[in-house]
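These notes are about the structure you will find just below.
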């Protein structure tokens, strides 16, 4: 929803976004609590603080979007550091003093609430305005946000499934040692996704403003060049440094050959192209096309897994990662080219 708020051309007010986020968070919390109450193997005492953390983080998240839109980058950075340090420190101190993991989770929840109170509430006071037209207009705007956000939410769910697909493939076709080694190597893909996503967030609000001013083509060149450079650098570093680095960190049994790492390096590069193209799709408000791209990537990845079923290996799992990344990049670029016609 934060991406919708930052990129939507005819954007409803922050009040509508915040109200919708609050309602959805409450509903989701209720569903999770109900499941925990029904299933005896899930402790409600653990679920409670986790829900509280997610609830306050989700409210802070939409406020961070407002900070991005209004150019308060330093405030965004401060809120992220405060949340990371506050939740970790709170949990660590309480666990050290009490030895109770549940209490440490509640300490993290309190830290998340304090971050929202310190960073989020001032944003709401500064930028939240009542929706003209009252409740009826607010419901209409909420519907607009939901229609735009649903394709992105489904696309994100598919992307999560794509991330787990190679491990599921290995679980059915390879040994436990291969699964452990591959899962360790996959941290480079996780890091790449987080890094590219953060870079995308830095540029999103600025490019959306340039788009409204009719200067998108010129303004898009620096972020596209930066993402390409980051992709080339990341892919090169993965190919050169990952094979010797893993045994140093985890032990000699975690060695990988460069042929096994090569598909992951390709994936790191393709992910950069994917995030760059998706950045422009967000700016152009082509939200539904990202769903089509993710669905296509899933379909091709499943077909690739079927073809490679008898070749269960770390290399084959890496090919699945590279295939998904390539399909996401090619699909996003194709969608972007069609959007500009």
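A residue that is assigned to a helix (DSSP H, G or I) and under 21 Å from the mean Cα position of the chain (by Cα) can be found somewhere in the range 172-183. Of the residues contained in the range 92-110, none is found to be closer than 24 Å to residue 153 by Cα and buried (at least 18 other Cβ atoms within 10 Å of the Cβ). The residue of the range 205-214 that is surrounded by the fewest Cβ atoms within 10 Å (Cβ to Cβ), among those that are over 17 Å from residue 273 (Cβ atoms) and in contact with a helix residue (DSSP H, G or I) (Cβ under 9 Å, 6 or more places away or on another chain), is 213. Checked against the criterion of being touching a residue at least 24 places away in the same chain (Cβ under 8 Å) and part of a helix (DSSP H, G or I), the candidates 225, 229, 220 yield just one match: 220. Taken over the range 1-42, the criterion of being outside any helix (DSSP H, G or I) and within 23 Å of residue 208 (Cβ to Cβ) is satisfied by 1, 8, 9, 10, 11, 12, 13. Please verify whether residue 241 is over 26 Å from residue 327 (Cβ atoms), at pLDDT 90 or above and in a helix (DSSP H, G or I), treating the condition exactly as stated. The answer is yes for residue 241. Across the range 43-87, the number of residues qualifying as within 22 Å of the chain's Cα centre (by Cα), part of a helix (DSSP H, G or I) and free of Cβ contacts under 8 Å to residues at least 12 places away in the same chain comes to 5. Scanning the range 183-192 for residues that are crowded, with 18+ Cβ neighbours inside 10 Å and within 16 Å of residue 230 (Cβ to Cβ) gives 188, 189, 192.
The values are calculated or read from the model by the stated rules, or taken from the named source; none is laboratory data. As the structure is a prediction and not an experimental result, all values here were calculated from the model. Heads up, the Cβs are rebuilt from the backbone with ideal geometry, glycines too, and the neighbour counts pull from every protein chain shown.
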